[in-house]
Structures are given as C-alpha cells and as structure tokens.
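Colleague: First the structure, then my questions, so here it is.
The values are calculated or read from the model by the stated rules, or taken from the named source; none is laboratory data. Note that this is a predicted model, so its numbers are computed, not measured. Please note: Cβ atoms are built from the backbone with ideal geometry, for glycine as well, and neighbour counts cover all protein chains shown. Side chains are part of the model used for accessible areas, which takes the heavy atoms of the whole protein and leaves out ligands, DNA and RNA. Shrake-Rupley method; radii C 1.70, N 1.55, O 1.52, S 1.80 Å.
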Amino acid sequence: MRAFRARSLSVAALVVLGFALFLSAAAPLPQPQATPAPVSEIVLTLDPAQSTVHWTLDSSLHTVHGTFALKSGTLHFDPETGKAGGEIVVAATSGESGSKSRDARMHKEILETPRYPEVIFRPTQVEGKVGQTGASDVKLNGVLSIHGADHDLTALIHAELTGDRWTGTSKFEVPYVKWGIKNPSNFLLKVKPVVSVELEMSGEVKATN
C-alpha cells in the first residue's frame, strides 16, 4: 500500500511538472520595451509677423528707442553637443526711431542701408541645455554680419517650448563704433558707442530623430 501511494505521488508530481513545463513553453516571451529614439536636432523657426528687434541708444540728451523688422529666421542645434546653425535675417532698411530726420541720417550716413540692406546673425554654438518642453536660459554664440563686416557675438536667450510652438527673448550689445560704424555724436549731442538690442521671438519648433 505504501509503495502504491509513493508511486501515485511520483506520477502526480511528474504530471504537474510536465504541465508547468508545457505552460512555460507556451507562454509568450516578454517583449523588450521600446525606447524613444534620441533627438538628433531641434529646429526653431521664427515668424516675422510675431518677432521684433528692439534697440536702445543712450545719449547725453535722451535715450533713443527704435525697432527693426525681422525678415526670416531659422535656428537648428544638437541638444547634446550644442552645435548650431541657421541664420536670422533682419531688414536694416526697416529701422526706425520715431524721428524722420534722425532715421534718414541713420540710414544714409550711419548704417548705409541702401548699400547694406540686411543684418544677419549666424549661430554656431549653444551654451547650456535647451529642454524639449518648458523654459530654458542659454547663451548663443555666433557671427553677426553688419555694415559689410563679420563680428563674433554672444547673445543671452530665454526660450519657452510648448508642443510645436516656442517663444523667446534675446539680449546682446552691439559696440558699433568699435566695429567701424560711424558715431552720430556732434558738438551738442554725445552718443554712447554701444547699442543695446533685445529680440522678441515666436515661431514653430520641430525635433528630428
């Protein structure tokens, strides 16, 4: 009787083991979770209708405020290395300060816009991390082409990315006299040799893999 029970238990154990092996063989293997492909480049375009260049020039009598219109703009960069490219084009001929006589002199004698109708900034490197969503503060290095010459320039950028849209501001200074542009000062009016510039920007954002 005991031998019979032992044989029965052995047979039952073999049956259970065989059934477990069958289930394990039949069960689908767990599939590895797909990981998102890393973003190789972020592209920001600027909408000229929603972007403006503001400039400020201090003098001994008053502070002059003015604007320029943006013609076009595209910035692309690698979020890992910061390497950047593209260009932002400003219509120099659109510059105005609220005074027709002052603006006429600016275009004819200072910026010579009939000869140099555009100011172009070509970015080369982003310092800092730009998140794919939310706010980021970085430095943007590049080359500014103005009045027929190229100059290295670093701009402070505050950007906010939301879905496929972005907005931002940029601040930098242009030492125009040092760069060979005429100083508008005269014996009555002394003008500082540096112009403060701030860009208001808005456009589309695209991340490429």
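Colleague: Checking ALA91 against (1) closer than 30 Å to ALA207 by Cα; (2) of a type in the set (A, V, I, L, M, F, W, C); (3) in contact with a Gly (Cβ under 7 Å, 6 or more places away or on another chain), which single condition isn't satisfied?
Modeller: Single failed check for ALA91: (3).
This table checks each residue for (1) of a type in the set (Asp, Glu); (2) free of Cβ contacts under 8 Å to residues at least 24 places away in the same chain; (3) touching a Gly at 6+ places or on another chain (Cβ under 8 Å); (4) not in a strand (DSSP E or B).
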{"site": "PHE121", "(1), (2), (3), (4)": "no, no, yes, no"}
{"site": "VAL126", "(1), (2), (3), (4)": "no, no, yes, no"}
{"site": "LYS129", "(1), (2), (3), (4)": "no, no, no, yes"}
{"site": "THR169", "(1), (2), (3), (4)": "no, no, no, no"}
{"site": "ASN186", "(1), (2), (3), (4)": "no, yes, no, yes"}
{"site": "SER196", "(1), (2), (3), (4)": "no, no, no, no"}
{"site": "LYS206", "(1), (2), (3), (4)": "no, no, no, no"}
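Colleague: Just to be sure I understand, how many residues within the stretch 72-87 are out of contact with any helix residue (DSSP H, G or I) (no Cβ under 9 Å at 6 or more places or on another chain) and open to solvent by less than 50 Å² (accessible area, probe 1.4 Å)? So that I can check it myself, show each step before the final result.
Modeller: Here is the first cut: in the stretch 72-87, the ones out of contact with any helix residue (DSSP H, G or I) (no Cβ under 9 Å at 6 or more places or on another chain) are 74-87.
Now drop any that are not open to solvent by less than 50 Å² (accessible area, probe 1.4 Å), which leaves 75, 77-79, 82, 84-86.
Counting residues in the stretch 72-87 that are out of contact with any helix residue (DSSP H, G or I) (no Cβ under 9 Å at 6 or more places or on another chain) and open to solvent by less than 50 Å² (accessible area, probe 1.4 Å) gives 8.
Colleague: Mind listing whichever residues of the stretch 144-188 are over 18 Å from ARG102 (Cβ atoms), open to solvent by 90 Å² or more (accessible area, probe 1.4 Å) and of a type in the set (A, V, I, L, M)?
Modeller: Result: LEU156, single match.
Colleague: Next question, about the same structure. Go through the stretch 154-167 and count every residue that is assigned to a loop (DSSP other than H, G, I, E, B) and either hydroxyl-bearing (Ser, Thr, Tyr) or touching a residue at least 60 places away in the same chain (Cβ under 8 Å) (or both). First the steps, then the outcome.
Modeller: Taking the stretch 154-167 as the starting set, the residues that turn out to be assigned to a loop (DSSP other than H, G, I, E, B) are 163-164.
With either hydroxyl-bearing (Ser, Thr, Tyr) or touching a residue at least 60 places away in the same chain (Cβ under 8 Å) (or both) added as a condition, the list becomes none.
Counting residues in the stretch 154-167 that are assigned to a loop (DSSP other than H, G, I, E, B) and either hydroxyl-bearing (Ser, Thr, Tyr) or touching a residue at least 60 places away in the same chain (Cβ under 8 Å) (or both) gives 0.
Colleague: Residues of the stretch 177-200 being touching a strand residue (DSSP E or B) at 6+ places or on another chain (Cβ under 6 Å) and not polar (S, T, N, Q), which ones?
Modeller: Once the filter is applied, which keeps residues that are touching a strand residue (DSSP E or B) at 6+ places or on another chain (Cβ under 6 Å) and not polar (S, T, N, Q), the stretch 177-200 yields TRP179, PRO184, LEU189, VAL191, LYS192, VAL194, VAL195, VAL197, GLU198, LEU199, GLU200.
Colleague: Just checking, which of SER40, SER59, SER97 is open to solvent by less than 60 Å² (accessible area, probe 1.4 Å), at pLDDT 60 or above, within 25 Å of GLU127 (Cβ to Cβ) and among the polar types (S, T, N, Q)?
Modeller: SER40
Colleague: Moving on to the next point. Could you check the stretch 75-121 and list, in sequence order, the residues that are among the polar types (S, T, N, Q) and touching an Asp or Glu at 6+ places or on another chain (Cβ under 7 Å)? Give the steps one after another, and end with the answer.
Modeller: Filtering the stretch 75-121 down to residues among the polar types (S, T, N, Q) leaves 81, 93-94, 97, 99, 101, 113.
If the condition is that a residue be among the polar types (S, T, N, Q) and touching an Asp or Glu at 6+ places or on another chain (Cβ under 7 Å), then SER97 is the only one that fits.
Colleague: Restricting to the stretch 100-117, what's the tally of residues that are over 19 Å from GLY180 (Cα atoms) and open to solvent by 80 Å² or more (accessible area, probe 1.4 Å)?
Modeller: Of the residues in that region, 3 qualify.
Colleague: Between ALA69, ALA135, ALA91, which is among the small types (Gly, Ala, Ser), assigned to a strand (DSSP E or B), on the phi < 0 side of the Ramachandran plot and surrounded by 17 or more Cβ atoms within 10 Å (Cβ to Cβ)?
Modeller: Numbers: ALA69 fails: surrounded by 17 or more Cβ atoms within 10 Å (Cβ to Cβ); ALA135 fails: surrounded by 17 or more Cβ atoms within 10 Å (Cβ to Cβ).
Among ALA69, ALA135, ALA91, only ALA91 is among the small types (Gly, Ala, Ser), assigned to a strand (DSSP E or B), on the phi < 0 side of the Ramachandran plot and surrounded by 17 or more Cβ atoms within 10 Å (Cβ to Cβ).
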